[in-house]
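Beneath this line is the structure, given in structure tokens, with notes to follow.
The values are calculated or read from the model by the stated rules, or taken from the named source; none is laboratory data. As the structure is a computational prediction, the values presented were derived from the model and not from experiment. We place every Cβ from the backbone using ideal geometry, glycine too, and count neighbours over all the protein chains shown. The protein model used for the area step is the full one, side chains on, heavy atoms only, and it has no ligands, DNA or RNA in it. Shrake-Rupley method; radii C 1.70, N 1.55, O 1.52, S 1.80 Å.
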Amino acid sequence: MIRRIDSSENGQILILVLFFLVVAIITTAVLAAMWHVEIQVRALEKNSQSAFYFAQAGIERAKIWVRANSGIIDSGDVSFGGGIYRYVVSLGTGERIIDATGEVLDASSAVIAVRKIQVKVTGTPPPPENVVIVLSSWKEM
């Protein structure tokens, strides 16, 4: 047997349906906002990591230069793959200091992430040309 719904129950059902609809809309809006923030955070992490890798490339390039040259100050600026790395080799007290900066660029070449690394190189300087040394020391701090 089918029960008839009287008019007083119609209002209660409408209120209940509207309540669940409002809860669903609020939940959807909150999840959408959280998803948007998560995408932004992931993009920042990716750009920061890329900038770190660019700075690391600058350190490696400067280390190659330091091994071949002693007692000289140098700098370099290399652009590739949506980023730039810069390095500066300077002389400290009994050491050489390598400062490297990695930058990630957007489509309009504006900087969107920057990371910096500093390495202090101590030990014996590289040998002069045409001299072969079998044992040498290299220490990074």
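Out of all the residues in region 9-28, which are open to solvent by less than 60 Å² (accessible area, probe 1.4 Å) and modelled with pLDDT under 95? Please lay out each step first, then the result.
Narrowing region 9-28 to residues open to solvent by less than 60 Å² (accessible area, probe 1.4 Å): 9, 11, 24.
Result: Glu9, Gly11.
Would you pick out the residues in region 81-101 that are open to solvent by 70 Å² or more (accessible area, probe 1.4 Å) and of a type in the set (D, E, K, R)?
Once the filter is applied, which keeps residues that are open to solvent by 70 Å² or more (accessible area, probe 1.4 Å) and of a type in the set (D, E, K, R), region 81-101 yields only Arg86.
For Arg67, which of the numbered conditions (1) within 21 Å of the chain's Cα centre (by Cα); (2) under 30 Å from Thr122 (Cα atoms); (3) not hydroxyl-bearing (Ser, Thr, Tyr) fails to hold?
Single failed check for Arg67: (1).
Yes/no per residue for (1) free of Cβ contacts under 8 Å to residues at least 24 places away in the same chain; (2) within 16 Å of Thr101 (Cβ to Cβ); (3) not in a helix (DSSP H, G or I):
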| site | (1), (2), (3) |
| --- | --- |
| Leu14 | yes, no, no |
| Leu21 | yes, no, no |
| Ala24 | yes, no, no |
| Leu31 | yes, no, no |
| Glu38 | yes, no, no |
| Ala43 | yes, no, no |
| Gln49 | yes, yes, no |
| Phe54 | no, yes, no |
| Ala62 | no, yes, no |
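Quick one: is Arg67 of a type outside the set (Asp, Glu), open to solvent by 30 Å² or more (accessible area, probe 1.4 Å) and in contact (Cβ under 8 Å) with a residue 12 or more places away in the chain?
yes
What do you reckon, is Gln40 polar (S, T, N, Q), modelled with pLDDT under 90 and open to solvent by 80 Å² or more (accessible area, probe 1.4 Å)?
no
Return yes when Ala51 is surrounded by 10 or more Cβ atoms within 10 Å (Cβ to Cβ) and within 30 Å of Val89 (Cβ to Cβ) and no when it is not.
Values: surrounded by 10 or more Cβ atoms within 10 Å (Cβ to Cβ): yes; within 30 Å of Val89 (Cβ to Cβ): yes.
For Ala51, the condition - surrounded by 10 or more Cβ atoms within 10 Å (Cβ to Cβ) and within 30 Å of Val89 (Cβ to Cβ) - is met.
Inside region 107-141, can you point out the residues that are open to solvent by less than 40 Å² (accessible area, probe 1.4 Å), at pLDDT below 85 and aliphatic (A, V, I, L, M)?
Val121
For region 84-106, name all the residues that are at pLDDT 90 or above and small (Gly, Ala, Ser).
Ala100, Gly102
Hey, among Val78, Val104, which residue is out of contact with any Gly (no Cβ under 6 Å at 6 or more places or on another chain), surrounded by 11 or more Cβ atoms within 10 Å (Cβ to Cβ) and β-branched (Val, Ile, Thr)?
Checking each option against the conditions leaves just Val78.
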